[in-house]
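S.K.: What follows is a structure written as structure tokens; I'll ask about it next.
The values are calculated or read from the model by the stated rules, or taken from the named source; none is laboratory data. Being a predicted model, the structure only gives us computed values, none of them experimental. Cβ placement follows ideal geometry from the backbone for every residue including glycine, while neighbour counts extend to all protein chains displayed. Side chains are part of the model used for accessible areas, which takes the heavy atoms of the whole protein and leaves out ligands, DNA and RNA. Shrake-Rupley method; radii C 1.70, N 1.55, O 1.52, S 1.80 Å.
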Amino acid sequence: MSRSFLRPAVVVLAGALLAAGCSAGSTASPGGGAGSGPDAPLRIGLTAEPANLDFTRTDGAAIPEALLVNVYEGLVALDQETGEIVPALAESWTMSPDGLVYDFALREGATFSNGEAFTADDVKFSIERVQSDEWTISLKDGMSVVSGVEVVSPTQARVTLAQPSNSWLFRMTTRIGAMFDPSGVGDLANAPVGTGPYTVAEFRRGDALVLARRDDYWGEAPAIEQVVLQYFDDATAATNALLTDGIDVIGTVQAPESLAQFEGDDRFQVIEGTTNGEVTLAMNNAAGPTGDPRVRRAIAMAIDHQAVLDTAWAGRGTLIDTMVPPTDPWYQPLPDVTPFDPDAARALLAEAGTPNPTLRFRIANLPYAVAAAQVVQSQLSAVGITTQIEPLEFPARWLEEVLTNADYDLSIVSHVEPRDIRTFGNPGYYWRYDNPEVQRLLAESEQGTQEQQVSALQSVGRLIAEDAAADWLFLLPNLIVADADVRGLPENRIGESLDLTALSRA
């Protein structure tokens, strides 16, 4: 397989919904100046702030949302409109007939923001670093299939896999595929060094992240010279900031009911599409009452998902039945696996010997999670389940206590990482779900034809739904409100990055 260079033309405003902490932000632009003149900073309001700038050691989506594509680039990228893998720092590549060897022809003239040239040595360094102890995030497992990286020449890198993998090249479009300079990794939490069109000009924790356009970028320069990612811990504050010209875009609308005041107002544009952010009711499969699959199924059957969507998110979003959004090739509706049936839920609880369990409901303190948890709590109460809601601060407490330590019975968070159904093959992931058949099917999906991959992953989707390994409340919509003159905003978003390169003003 080989492809000529095609830079993705569509920006994705990824929601940072499984990201870092929400912090209050002022409505003034820290980049200096307000308004919408041609040289003014573009100010984007977001809800979840990065804890730091090192996505190699900090889980969550807020860091790659801000830095991937903009500051860091990979060999390949994901076209957000088509979902296809397209060239980036590699202008083309070939794959051997047995699927084990990838040869990447690298772009000449690309440099890091510290002035160092990008070469095949950096490819070898970056891939091997993901496999080392320097990377600690859960997604690093995507690089475990690589058995070696060879520097063929300064402009050619060869990657050899231990076995064929249908997902490896796709995973290279995510944060684990980011390219690093060996001399630029000393302080990733504060001073990122990448080949992208922007650099980090300022990071004011609790306020904003300011990105500045590089004058020496190897590719086509983005239209916007400076972008301010302004962080708010309150949806009303973000709305007021847009209404008073404190920001230009609300990139992740966290109060869907607020859209009515913007719709029909020609000063603004409202965009509604889809994402791959599955708002998931996580259940601990290894401890407590939810360790019993009958209790998990009872929970899933006690929930009226349409009512959750209508009440918690103003009916905006999509109902899904497993960890697969409609934009994935293996999507399948499974409405009959765990239908809304409170009587059946009560019978399952009685059969499990826990007719009135009390569960710790430790959720992320993000608006969608808080709103959904309150509806779910009421519905579970109707079948005899008592839940104790405990909002945990993002990122520190939720990431440590739930994601890392699995110290919970129930939780709610949106998973925005692409094609994350594979997390159910990892018994150490916070679901603590251990199903050998799911693990076998996931391994099988890595080899064979595309049709075989789709079939295997559809089987995985059905199995985890039948086991109620989790419950999927709804798929978050892509809700954006912006000044009418902002161009390049997407209808849908399916990747990790908030790609700023296509944004402009009319």
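S.K.: Go through region 309-329 and report how many residues are part of a loop (DSSP other than H, G, I, E, B) and either among the small types (G, A, S) or surrounded by fewer than 19 Cβ atoms within 10 Å (Cβ to Cβ) (or both).
M.R.: Here the count works out to 8.
S.K.: Give region 86-111 a look and list any residue that's among the β-branched types (V, I, T) and open to solvent by 10 Å² or more (accessible area, probe 1.4 Å), or say none.
M.R.: The answer is T94, V101, T111.
S.K.: Of the residues I247, I299, only one is surrounded by 17 or more Cβ atoms within 10 Å (Cβ to Cβ) and in a loop (DSSP other than H, G, I, E, B); which?
M.R.: I247
S.K.: Now for a different question. Taking region 442-477 as the region of interest, how many residues are in contact with an Asp or Glu (Cβ under 7 Å, 6 or more places away or on another chain) and more than 29 Å from R294 (Cβ to Cβ)?
M.R.: Within region 442-477, residues that are in contact with an Asp or Glu (Cβ under 7 Å, 6 or more places away or on another chain) and more than 29 Å from R294 (Cβ to Cβ) number 1.
S.K.: Considering region 362-387 alone, what residues qualify as being small (G, A, S) and open to solvent by less than 30 Å² (accessible area, probe 1.4 Å)?
M.R.: Of everything in region 362-387, those that are small (G, A, S) and open to solvent by less than 30 Å² (accessible area, probe 1.4 Å) turn out to be A364, A369, A371, A372, A373, G384.
S.K.: Residues of region 215-232 being part of a loop (DSSP other than H, G, I, E, B) and surrounded by 20 or more Cβ atoms within 10 Å (Cβ to Cβ), which ones?
M.R.: Hits for region 215-232 are P222, I224, F232.
S.K.: Within the set of pairs 6+ apart or on separate chains, which have a first residue in region 120-132 that is at pLDDT 95 or above, a second that is open to solvent by 70 Å² or more (accessible area, probe 1.4 Å), and C-beta atoms under 6 Å apart?
M.R.: These pairs meet every condition: A120/P154.
S.K.: Among the residues of region 364-397, what is the count of those that are outside any loop (DSSP other than H, G, I, E, B) and either at pLDDT 95 or above or within 14 Å of V308 (Cα to Cα) (or both)?
M.R.: Of the residues in region 364-397, 22 are outside any loop (DSSP other than H, G, I, E, B) and either at pLDDT 95 or above or within 14 Å of V308 (Cα to Cα) (or both).
S.K.: Further question: Have a look at A66, A51, A105 and point out the one that is in a strand (DSSP E or B) and among the small types (G, A, S).
M.R.: Exactly one of A66, A51, A105 is in a strand (DSSP E or B) and among the small types (G, A, S), namely A105.
S.K.: While we're here: Between a first residue in region 417-435 that is under 15 Å from A286 (Cα atoms) and without any contact (Cβ under 8 Å) to a residue 40 or more places away in the chain and a second residue that is crowded, with 19+ Cβ neighbours inside 10 Å and not hydroxyl-bearing (S, T, Y), which pairs have beta carbons less than 6 Å apart while being 6 or more apart in sequence or on different chains?
M.R.: G425/V438; G425/L442
S.K.: Please work out if V279 is crowded, with 23+ Cβ neighbours inside 10 Å and outside any helix (DSSP H, G or I).
M.R.: Yes: the conditions hold for V279.
S.K.: Right, here's the next one. Hey, among L475, L410, L457, L403, which residue is out of contact with any strand residue (DSSP E or B) (no Cβ under 8 Å at 6 or more places or on another chain) and open to solvent by less than 10 Å² (accessible area, probe 1.4 Å)?
M.R.: L457 is the lone residue from the list that is out of contact with any strand residue (DSSP E or B) (no Cβ under 8 Å at 6 or more places or on another chain) and open to solvent by less than 10 Å² (accessible area, probe 1.4 Å).
S.K.: Quickly run through region 424-435 and pick out the residues that are crowded, with 19+ Cβ neighbours inside 10 Å and closer than 17 Å to S459 by Cα.
M.R.: Passing the criteria: F424, G425, Y433.
S.K.: Does E81 satisfy being of a type outside the set (K, R), in a strand (DSSP E or B) and closer than 27 Å to N492 by Cβ?
M.R.: no
Results for (1) over 25 Å from the mean Cα position of the chain (by Cα); (2) touching a residue at least 60 places away in the same chain (Cβ under 8 Å); (3) within 29 Å of I44 (Cβ to Cβ), shown as yes or no for each residue.
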site: G288; (1), (2), (3): yes, yes, no
site: A302; (1), (2), (3): yes, yes, no
site: Q332; (1), (2), (3): no, yes, no
site: A344; (1), (2), (3): yes, no, no
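S.K.: If I ask for residues that are surrounded by 14 or more Cβ atoms within 10 Å (Cβ to Cβ) and either touching a Pro at 6+ places or on another chain (Cβ under 7 Å) or over 13 Å from D103 (Cα atoms) (or both), which ones from region 147-166 would you list?
M.R.: P164, S165, N166, listed by residue number.
S.K.: Tell me whether region 410-417 contains one or more residues that are within 24 Å of the chain's Cα centre (by Cα) and assigned to a loop (DSSP other than H, G, I, E, B).
M.R.: The answer is yes; a qualifying residue exists.
S.K.: Give region 418-453 a look and list any residue that's part of a helix (DSSP H, G or I) and closer than 17 Å to W168 by Cβ, or say none.
M.R.: Selection gives D420, I421, R422, T423, G425, L442, A443, E444, S445, Q450, Q452, Q453.
S.K.: Can you tell me which residues in region 130-155 are touching a Ser or Thr at 6+ places or on another chain (Cβ under 6 Å) and either aromatic (F, W, Y) or more than 22 Å from D59 (Cα to Cα) (or both)?
M.R.: Result: W135, S147, G148, P154.
Yes/no matrix, rows are residues, columns are (1) more than 30 Å from G196 (Cβ to Cβ); (2) without any contact (Cβ under 8 Å) to a residue 60 or more places away in the chain; (3) out of contact with any Cys (no Cβ under 8 Å at 6 or more places or on another chain):
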residue	(1), (2), (3)
R213	no, yes, yes
Q230	no, no, yes
R267	yes, no, yes
I271	no, no, yes
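S.K.: Right, another one. Would you confirm whether any residue within region 176-189 is small (G, A, S), open to solvent by 60 Å² or more (accessible area, probe 1.4 Å), closer than 30 Å to E393 by Cα and in a loop (DSSP other than H, G, I, E, B)?
M.R.: Scanning region 176-189 turns up at least one residue that is small (G, A, S), open to solvent by 60 Å² or more (accessible area, probe 1.4 Å), closer than 30 Å to E393 by Cα and in a loop (DSSP other than H, G, I, E, B).
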